[in-house]
2 protein chains.
Amino acid sequence: MTGPSITIKDVAALAGVSPATASRVLSGNPATSAESRQKVAAAVAELDFHPNAQARALRSTRTNVIGLLLSDVRNPFFADLAHAAEQAALAEGLVTLLGNANESIPQQDRYLDTFISQRVDGVIAAPQGEGSSSLHALLERDIPTVFVDRTVDGVDVPSVTTDSDSGIRQAVEHLARQGHERVGYIAGPQSTSTGRDRLKSFSRAAREFGLSTDPALTYIGDFQSASGSAGAHHLLGLAQPPTALLAADSPMAVGALATLNRKGLRIGHDMALIAFDDIEWFSLLDPPLTVISNDVEAMGRTAVRLLLEVIDGHKPESVVLPSELVVRASSGTPDPSLGQP
Amino acid sequence: MTGPSITIKDVAALAGVSPATASRVLSGNPATSAESRQKVAAAVAELDFHPNAQARALRSTRTNVIGLLLSDVRNPFFADLAHAAEQAALAEGLVTLLGNANESIPQQDRYLDTFISQRVDGVIAAPQGEGSSSLHALLERDIPTVFVDRTVDGVDVPSVTTDSDSGIRQAVEHLARQGHERVGYIAGPQSTSTGRDRLKSFSRAAREFGLSTDPALTYIGDFQSASGSAGAHHLLGLAQPPTALLAADSPMAVGALATLNRKGLRIGHDMALIAFDDIEWFSLLDPPLTVISNDVEAMGRTAVRLLLEVIDGHKPESVVLPSELVVRASSGTPDPSLGQP
DNA sequence: CGATTCCATGGAAACGATTCCACGACGTCG
DNA sequence: CGACGTCGTGGAATCGTTTCCATGGAATCG
């Protein structure tokens, strides 16, 4: 079908040098004469030579490929994260192999196995559940790994996560100041570190700011929008329903919003709503959504930086990025006249 | 750092067979005895052996990796498409290398070069602009390629695209029936086939259904949300502003929505709005958005199927998927009493 | 019962790059 | 003026797998 592809030998022959010299020129080895460099470059251009990455990786054990394992690309948070990490990696000359665990442990394992077989230089993962078998295989092989967004208990790997606590405290304080006493919390799955941490932060802050600690006000979702709808539905049906809702991620906030719309309740008026994670169009809703915002771009960038350090044999400190409340109109100011200046 | 990794020789030695036999077992070659199969399988499990994909690909020229080149992962349409294609590929035993051209031709070229170097088995691309140099390098090498969503004029490659025309005709007809006469169109960039096709369809349908063909009613955007905002702003400022807006993709619809909100205009009431591409939360807006919907999942699946056929040496027919109007409340029924049954 | 086919197997070449090692030419220093 | 370090270069080994080819034993057939 395809003719025999051009190899470095063809380049060397055309340039009138040995394959060894051609290789040195291509990999930027300083032990080359200006003349060779020039001739090899000309030959490469002439033949439109693209070195075979497999052969290169086989010999040199560097692939310049990193694996990025996410739980769901369709979640805008992870899409943004993927974008940020990919751009940061590209700037370092690394190509990203994206794996989508799709909220499934077997699929996560499948991708991790692929990463191992592809001999990626490192892995950035937002891990699912409690440490799968392949995750351990990864670490046993000393494949450089960092966690992003989530961590796994008992697994000592550098990570970059969000300090959910500060943002949630601010949100709870904000709601308390507005006079809310019963705040419904739509939590993430307790099998993820973020799901657990955010719930803990919420409970603590609720106690601290004197909100109701009624356990019925907490609904455990799964970070997907359908569970947000279900959660809102459940909370609104309580004998003493909440006057405000806080959702632990954006898809669940979207789901809750759908339920509110269906019931004819207007956010910021009949019911306050705050979402964790900021999404571009949240500010475009009417009224715009109050959110707990975190710097996804920084998270992706930092994850790549940490991974590079691990690859270089260091053991970097984990990074915790701040989150902060961005107040918009959905969180129900009692007196609308107190608007922006 | 890491000890010498285990190779197929170690497996063979432990199993008491030759590397050749071990290889045959691993690749499912039928010329193996049950006994060898059993012994090799045991050795693989014992050593937790993961074959080196580089060496394998180097020798066999199959990598089981496909490249997927998109213009923007953060656009929900492409995120869904990536997800669909990835899942379909995975079901066929192929791993997806995702490249994000990020609306930039140099970055598209960079990823295509990487795909070539990685010797991917095939490429699925939503091409940018008018055929970059690397795109031609790809085709000259006879690397199996299919286009998805978009095509490039003069490049004869199988593709899977959406028949924008039917959906747009339905939308225009729908608006005309509602009594709209001046419909503003926020178009995509004319450097993409989808941008051009959809504009042509709109113009033709507008003529056909007796809408105004005033050229001022068309604003050319770039498929990103900011241009949607700008487009809406421009159209609303016309001496004779439109009574309905049609946006050629979802981010631009979001941008237009932002502008409408800012001006205090309610969709479905003061201004009809229809978006091309359906996004989960569009139906959750208040009022829900009327959209032209296309089956993204089928598009991803079909792209993988076409690619597999090209890899097998066939020349499959291009596929055009239907689009259809999904009427919701944003497209302004004059008489609200004519609701659902 | 001898000849032919079939089948599982092992040895060795091959894939396309990198890199170790040796080598010759050159400049420098004692 | 001879010894030595430096520098660019080429030959050859190497990475870990697949696959071609040859081989020997079992099974089948006339």
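The values are calculated or read from the model by the stated rules, or taken from the named source; none is laboratory data. Here the structure is a predicted model, which means the values were calculated and not measured. We place every Cβ from the backbone using ideal geometry, glycine too, and count neighbours over all the protein chains shown. All accessible areas refer to the heavy atoms of the entire protein, side chains included, with ligands and DNA or RNA removed. Shrake-Rupley method; radii C 1.70, N 1.55, O 1.52, S 1.80 Å.
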ask   = Taking the Cβ of residue A:146 as the center, what net charge do the other residues with Cβ under 10 Å away carry, scoring Lys and Arg +1 and Asp and Glu -1?
value = 0
remark   = Along the dipole axis of chain A (charges at Cβ: +1 for Lys and Arg, -1 for Asp and Glu; origin at the Cα centre), the most positive-end residue among A:281, A:175, A:185 is A:281
key: Nonlocal amide H pairs with residue B:145, under 5 Å, H built at 1.01 Å   = B:123
remark   = Counting other chain Cβ atoms within 10 Å of each Cβ in A:39-50 and taking the mean gives 1
request  = Would you pull out the residues with amide H under 5 Å of residue A:323's amide H, same chain only if 5 or more places away, H placed 1.01 Å from N?
outcome  = A:163, A:166, A:167
task = Calculate the mean, over all residues of peptide B:63-71, of how many other protein chain Cβ atoms lie within 10 angstrom of the residue's Cβ.
result = 1
task = Restricting to chain A, compute how many DSSP beta bridges are antiparallel as a %, nearest 5.
result = 10
message = Please report the equivalent ellipsoid semi-axes of the stretch B:8-51, computed as sqrt(5 x eigenvalue) of the Cα gyration tensor, largest first, in whole Å.
response = 14, 10, 9
ask   = Restricting attention to the stretch B:43-131, which GluC sites (Glu not before Pro) occupy a DSSP loop and are surrounded by at most 15 other Cβ atoms within 10 Å?
value = B:92, B:130
Other-chain or far-sequence residues with amide H under 5 Å of residue B:69's (modelled H) = B:99, B:124, B:125, B:126
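Per 0.36 nm of contour for each residue apart, how much would the distance between residue A:92 and residue A:133 grow if the chain were fully extended, relative to their Cα-Cα spacing? Let's see the in-between values first.
On the way: separation 41, 0.36 × 41 = 14.76 nm, distance 3.03 nm.
Using 0.36 nm per residue and subtracting the Cα-Cα distance, I get 11.7 nm.
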key: Label zone at residue B:214, where the point sits 7 Å out along the Cα-to-Cβ direction: the stretch B:243-259 residues whose backbone N lies under 18 Å   = B:243-247
task = With all protein chains present, calculate the accessible area of residue B:234 using a 1.4 Å probe and round the result to the nearest 10 Å².
result = 80
remark   = Taking every C-alpha to C-alpha distance in the stretch A:148-254 and binning by 5 Å from 0, the per-bin percentages run 2, 13, 23, 23, 20, 10, 5, 2, 1, 0
inquiry  = Less than 14 Å Cβ to Cβ from residue A:50, Lys/Arg counted +1 and Asp/Glu -1: what total charge do the surrounding residues give?
reply    = -3
key: Convex hull volume per residue for the protein assembly as shown, taking Cα atoms only, in Å³   = 201
query = So what are the three principal axis dimensions of the stretch A:1-114 from its Cα atoms, in whole Å, longest to shortest?
reply = 55, 32, 24
task = Express in whole angstrom the spacing between the alpha-carbon centres of the stretch B:112-157 and the stretch A:247-318.
result = 35
ask   = Within a Cβ distance under 10 Å of residue A:161, other residues only, what is the Lys/Arg minus Asp/Glu net charge?
value = -2
message = Among A:290, A:194, A:213, which one shows the highest mean-square fluctuation when chain A is modelled as a Gaussian network with alpha-carbon springs under 10 Å?
response = A:213
task = List the distances, in nm and shortest first, from the label point of residue A:320 to the matching label points in every other copy, placing each point 7 Å from Cα along the Cα-to-Cβ direction.
result = 5.8
ask   = Given a Förster distance of 56 angstrom, what is the FRET efficiency for residue A:312 paired with residue B:173, based on the Cβ-Cβ distance and rounded to 0.05?
value = 0.35
inquiry  = If packing is taken as the average number of other Cβ atoms within 10 Å across a peptide's residues, how do A:250-256, B:307-313 rank, most packed first?
reply    = A:250-256, B:307-313
inquiry  = Quick check on the stretch B:202-341: what does the Kirkwood estimate of hydrodynamic radius come out to from the alpha carbon pairs, in Å?
reply    = 16.8
inquiry  = Using the Cα centre of the stretch A:8-51 as the reference point, and only Cβ charges (+1 on K/R, -1 on D/E), how large is the resulting charge dipole? Debye, rounded to the nearest 20.
reply    = 160
request  = Put a label point 7 Å from Cα along the Cβ direction on residue A:298, then list its distances to the equivalent points in the other copies in nm, shortest first.
outcome  = 4.5
note = Simple spin-label estimate for residue B:103/residue B:196, 7 Å along Cα→Cβ, in nm, reads 2.1
ask   = What is the P(r) of chain B, as percent of Cα-Cα pairs per 20 Å bin from 0?
value = 28, 43, 21, 8, 0
note = Among B:188, B:228, B:154, the residue with the largest mean-square fluctuation in a Gaussian network model of chain B built from Cα contacts under 10 Å is B:154
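Considering only the protein assembly as shown, what is the antiparallel percent among its DSSP beta bridges, to the nearest 5? Show your work: numbers first, answer last.
Values: 8 of 74 bridges.
Looking only at bridges with both residues in the protein assembly as shown, the antiparallel portion is about 10 percent.
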query = Farthest toward the dipole's positive end in the protein assembly as shown, which of B:54, B:164, A:313, given Cβ charges of +1 (Lys, Arg) and -1 (Asp, Glu) about the Cα centre?
reply = B:54
request  = Considering only A:293, A:133, A:27, give the residue with the highest GNM mean-square fluctuation for chain A, with springs between Cα atoms whenever their separation is below 10 Å.
outcome  = A:27
request  = Every other copy gets compared here: list the nm distances from the residue B:30 label point (7 Å along Cα to Cβ) to its counterparts, shortest first, one decimal.
outcome  = 6.0
ask   = What's the average, rounded to a whole number, of partner chain beta-carbon atoms within 10 Å of each residue's beta-carbon in A:95-103?
value = 5
